[in-house]
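Peer 1: Take a look at this one; I'll ask things after.
Taken together, the values in this text are just the output of simple stated rules run on the coordinates, not laboratory data. Quick caveat, the model's predicted, so the values are computed rather than measured. Positions of Cβ are generated from backbone atoms using ideal geometry, with glycine treated the same way; all protein chains shown enter the neighbour counts.
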Amino acid sequence: MVVLIDAKYFGNMLRNARRKQNIGANDAAKILKISLKELHRYERGLEPIPESILLSMFHHGYCLLSCRRSRYK
């Protein structure tokens, strides 16, 4: 089974996750090691997010969850 998700969907997911964690666009660009211009293009869905950026997003997300879980144990 193949599920196709467009760049706009991932862009919204990226923006919403960033805002939920109260991370500014400049900081998010630094964390993902991309330019602010690239981040805005990805968030607007103008360009598909490269696989390396998606992997980095998931890695940072899992690290954040791990830190939060260990804090509440």
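Peer 1: With 10 angstrom as the radius, rank His59, His40 by how many other C-beta atoms surround their C-beta, starting from the fewest. Mind dumping the intermediate values first?
Peer 2: Details: His59 10, His40 15.
Lowest to highest Cβ neighbour count: His59, His40.
Peer 1: Between Leu46 and Asn22, with labels modelled 7 Å along Cα→Cβ, what's the label distance in nm to one decimal, could you check?
Peer 2: Distance between the two pseudo-spin positions: 3.0 nm.
Peer 1: Is the C-alpha gyration tensor of the range 7-71 telling us rounded, prolate or oblate? Criteria: a/c under 1.5 is rounded; beyond that, a/b larger than b/c is prolate, otherwise oblate.
Peer 2: Numbers: a/c = 1.85, a/b = 1.74, b/c = 1.06.
Prolate shape, in that a/c is at least 1.5 and a/b is the bigger ratio.
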